[in-house]
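Report on the following structure.
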Amino acid sequence: MDKFTSHTGVAVPLKRSNVDTDQIIPAVYLKRVTRSGFEDGLFSAWRSDPDFVLNKPEYASASVLVAGPDFGTGSSREHAVWALQNYGFRAVISSRFADIFRGNSGKAGLVAAQVDEKVVQRIWDHLDEHPGATVTVDLESRTVRAGEGPDAIVDSFDIDDYTRWRLLEGLDDVGITLSHADVISEFETSRPSWKPLTQH
Amino acid sequence: MAKTLAEKVWDEHVVRSAEGEPDLLYIDLHLIHEVTSPQAFDGLRLAGRPVRRPDLTLATEDHNVPTIDWDKPIADPVSKTQVDTLRNNAAEFGVRLHPLGDIEQGIVHVVGPQLGLTQPGMTIVCGDSHTSTHGAFGAIAFGIGTSEVEHVLATQTLMQAKPKTMAVTINGSLPAGVTAKDMVLTLITHTGTGGGQGYIVEYRGQAIEELSMEGRMTVCNMSIEWGAKAGLIAPDQTTFDYIEGKPEAPKGADWDAAVAHWKTLVTDADATYDEEIVLDASVMTPFVTWGTNPGQGVALGGTVPVPADFEEEQDRVAAEKALEYMGLEAGTPMREVRVDTVFVGSCTNGRIEDLRLAAEIIKGHKVAEGTRLLVVPGSVRVRLQAMEEGLDKVFSDAGAEWRGAGCSMCLGMNPDQLTPGERSASTSNRNFEGRQGKGGRTHLVSIPVAAATAIRGTLSSPADLEPVHVEA
Ligand code: SF4
């Protein structure tokens, strides 16, 4: 996993709440057996509409998504995170994320930055005035930044300490856990014998 | 210290805890299917890691498998690739697999309980959000993403921050004809789709205790639809009776030891939850959704809501969008909504009790002209049991399609899909835009409502049906 310290990129306002993972990537796109190539399915239903925000030329190279509350609800599909990443997104900003989506993001290296609802609104307003403007998501200082001068938006975002540390270090979970393999083995010796097995 | 049920089960599974880090939780059962596992096995292969506990792992084919012609090669090339990939991975890594054609094949959340692998006090995970279903047995069960699937395969553990706990107490008894599905749809509309976020929810109270295991599974299944991490119910005699004698249930002295432990899995009298919700079952009625998330619901006797009536701006906008997508006029009585397809199945309502109830209502009736009824058993075992009881004949005589086991139209990954604009009454759990096929319009309903709707062609309950004429 690549390290993430800070990212500045074109931000795209997605002014919808409750964007569920079926909208992020519909089930028909889930049939691949690799982790790449999901960008075609990203928001596919909406992207068939030429007025959909991602279709606007000023957002062609967008890498920060600024969405309404309850982003990533619904199915557990991690493909939603991969689709966002495959498309080029490095961070999503929202006032509330669904738990599974947030977890999946942290594991795959996409930063899910949770900010106050007012901050989302201010960034949206800023992007409306300056389409194609960039937003910075700084994981080191846990801040989002947009604009310059007196009207600049600078605010902190929430992300749990552990996920932040892993993202900053670019660490893979399995490797971290396997360093505790002896503790796991010890735990296994104390499991009751009546616990079910799938193979005998 | 007094603990809630969820805290007891959690604490029993903590392998390692350290300040500022999530707990390392041991996983008792890991369920796998073809859609969310390929990339996880790929990760293992790349890193040269084995599956740590193949004997705590079980795979089935369910999400995209066909429900007709399942004995022929899968026609959709991509589905075929996923299924083949699962078969290869299971063989390579030594994982037990129930493939198409096997008697234990079916929806992973139907198969676990019917095998007796789902037991109280366990931790159960699967790369599928409706893993919460298994909570009905007093297990902590939740959906995980593919990276986590890989993590569990490699380590049999998961790193998890301990969630908060919530009690949903449902007092009173459900009126006749009102089911667990109505109960959970009512709850979700009451709390909103984000109401359970961050919590493991314990469902309790008289109405929950009175539910069958199937009903409890229906309730726990939909925990995720109101944002909960997991939902669970304290095990009791109903639970023990359901498990006893199942193929993988403990036997003899093991059974006694297990039951003795399971009986301790109740929330201590003086334990406290972080949050509590109380509802009254006795005032519940058949409940259906009108919108595009499971929290947009209304009593079947009600009308399509007027967006302007919602207090919150966000809800108003969401309602307007939903009505447009659903092609519904505000104020229309729900009972007047015409339905093209009725889907009976899924891990929410695809078990034998569900099929029995549907058959009981449909018996002697015909599916309405212009409506199709698709009955998809949750597993091959459910299918065979239903056929032994003659339920398949009841469905076919009524003009329904009797299918093979799988997820089918619940998520429209196989050929069972709605066409654009087509409207369904579905016993599944999600009514998201396009969930059952691009442009499809879904109303979530209970089994009785699905059955009655199939017969009348409009959203209905059994109370709306003409009595069947029985020949003397
Ligand atoms: S039936 Fe539906 S909800 Fe259940 S596992 Fe299958 S796709 Fe998921």
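The values are calculated or read from the model by the stated rules, or taken from the named source; none is laboratory data. Just so it is clear, the structure is predicted and the values come from calculations on it, not from any experiment. Positions of Cβ are generated from backbone atoms using ideal geometry, with glycine treated the same way; all protein chains shown enter the neighbour counts. Quick note on the areas: whole protein, heavy atoms, side chains included, nothing else; ligands and nucleic acids left out. Shrake-Rupley method; radii C 1.70, N 1.55, O 1.52, S 1.80 Å.
Remarks
- Of all residues in segment B:323-346 being in a helix (DSSP H, G or I) and in contact with a strand residue (DSSP E or B) (Cβ under 9 Å, 6 or more places away or on another chain), the one that is nearest to the ligand (Cβ to nearest atom): B:Ser346
- Selected residue (criterion: farthest from the chain's Cα centre (by Cα)) from residues of segment A:150-200 that are among the aromatic types (Phe, Trp, Tyr) and part of a loop (DSSP other than H, G, I, E, B): A:Trp194
- Hits in segment B:79-96 (condition: at the interface with chain A (Cβ under 10 Å from one of its Cβ atoms), touching a residue at least 12 places away in the same chain (Cβ under 8 Å) and away from the ligand (no atom under 16 Å from the Cβ)): B:Thr85, B:Asn89, B:Gly94, B:Val95, B:Arg96
- Sole residue being closer than 26 Å to B:Leu97 by Cα and in a loop (DSSP other than H, G, I, E, B), chosen from B:Gly412, B:Gly439, B:Gly370: B:Gly412
- Reported count of residues in segment B:419-442, each being without any contact (Cβ under 8 Å) to a residue 60 or more places away in the chain and near the ligand (Cβ under 10 Å from one of its atoms), is 1.
- For segment B:365-374, the criterion of being under 22 Å from B:Pro113 (Cβ atoms) and of a type in the set (A, V, I, L, M) is met by no residue.
- Selection of first residues in segment B:340-351 that are within 22 Å of B:Ala368 (Cα to Cα) and more than 14 Å from chain A (Cβ to nearest Cβ) and of second residues that are at pLDDT below 95 and more than 7 Å from the ligand (Cβ to nearest atom), restricted to Cβ pairs under 6 Å at least 6 apart or on distinct chains, gives the following pairs, ordered by first then second residue: B:Phe343/B:Met409; B:Gly345/B:Ser408.
- Residue match in segment A:99-111 (condition: within 26 Å of B:Lys438 (Cβ to Cβ) and either within 16 Å of the ligand (Cβ to nearest atom) or touching a residue at least 40 places away in the same chain (Cβ under 8 Å) (or both)): yes
- So B:Ala136, is it within 16 Å of the ligand (Cβ to nearest atom), open to solvent by less than 10 Å² (accessible area, probe 1.4 Å) and either in contact with a Ser or Thr (Cβ under 6 Å, 6 or more places away or on another chain) or more than 10 Å from chain A (Cβ to nearest Cβ) (or both): yes
- Test for B:Arg430: is it within 14 Å of chain A (Cβ to nearest Cβ), more than 23 Å from B:Glu104 (Cα to Cα) and in contact with a Pro (Cβ under 7 Å, 6 or more places away or on another chain): yes
- Taking segment B:186-305 as the region of interest, the strands (runs of 3 or more DSSP E) fully inside it that hold 1 or more residues being open to solvent by 10 Å² or more (accessible area, probe 1.4 Å) and farther than 22 Å from B:Ala451 by Cβ are B:199-204, B:275-280.
- Look at segment A:4-30: where a residue is without any contact (Cβ under 8 Å) to a residue 12 or more places away in the chain, no partner that is assigned to a strand (DSSP E or B) sits 6+ places away or on another chain with Cβ atoms under 7 Å.
- For segment B:148-185, filtered to residues that are among the hydroxyl-bearing types (Ser, Thr, Tyr) and part of a strand (DSSP E or B), the residue that is farthest from the other protein chains (Cβ to nearest Cβ) is B:Thr169.
- Condition check for B:Asp354: away from the ligand (no atom under 16 Å from the Cβ) and not in a strand (DSSP E or B): no
- If you filter segment B:8-41 down to residues that are facing chain A (nearest Cβ under 7 Å) and without any contact (Cβ under 8 Å) to a residue 40 or more places away in the chain, you find that the one that is nearest to the ligand (Cβ to nearest atom) is B:Arg16.
- Subset of segment B:108-122 [surrounded by fewer than 24 Cβ atoms within 10 Å (Cβ to Cβ) and among the polar types (S, T, N, Q)]: B:Gln114
- Considering segment B:377-418, the residues that are among the polar types (S, T, N, Q) and farther than 21 Å from B:Val367 by Cβ include one that is farthest from the ligand (Cβ to nearest atom), namely B:Gln385.
- Selection of segment B:443-460 for residues being among the polar types (S, T, N, Q) and either open to solvent by 10 Å² or more (accessible area, probe 1.4 Å) or free of Cβ contacts under 8 Å to residues at least 24 places away in the same chain (or both) yields only B:Thr458.
- Among the residues here, B:Ala75 does not qualify as among the small types (Gly, Ala, Ser), open to solvent by 30 Å² or more (accessible area, probe 1.4 Å) and modelled with pLDDT of 90 or more.
- Selection of segment A:19-52 for residues being of a type in the set (A, V, I, L, M, F, W, C), within 10 Å of chain B (Cβ to nearest Cβ) and assigned to a helix (DSSP H, G or I) yields A:Ala27, A:Val28, A:Ala45, A:Trp46.
- Answer from B:Thr131, B:Thr179 - the residue that is modelled with pLDDT of 95 or more and open to solvent by 10 Å² or more (accessible area, probe 1.4 Å): B:Thr179
- When each of A:Leu139, A:Leu110 is tested for being away from chain B (no Cβ under 12 Å) and in contact with a Leu (Cβ under 9 Å, 6 or more places away or on another chain), the lone residue that passes is A:Leu139.
- The criterion of being within 19 Å of A:Lys195 (Cβ to Cβ), more than 16 Å from the ligand (Cβ to nearest atom) and not aromatic (Phe, Trp, Tyr) holds for B:Gln156.
- Within segment B:60-78, restricting attention to residues that are more than 9 Å from chain A (Cβ to nearest Cβ) and in contact with a helix residue (DSSP H, G or I) (Cβ under 8 Å, 6 or more places away or on another chain), the residue that is nearest to the ligand (Cβ to nearest atom) is B:Asp62.
- Taken over segment B:7-23, the residue count meeting the criterion of being open to solvent by 10 Å² or more (accessible area, probe 1.4 Å) and hydrophobic (A, V, I, L, M, F, W, C) is 3.
- Selection within segment A:110-143 - buried (at least 18 other Cβ atoms within 10 Å of the Cβ) and in contact with a helix residue (DSSP H, G or I) (Cβ under 7 Å, 6 or more places away or on another chain): A:Leu110, A:Val111, A:Ala112, A:Val135, A:Leu139
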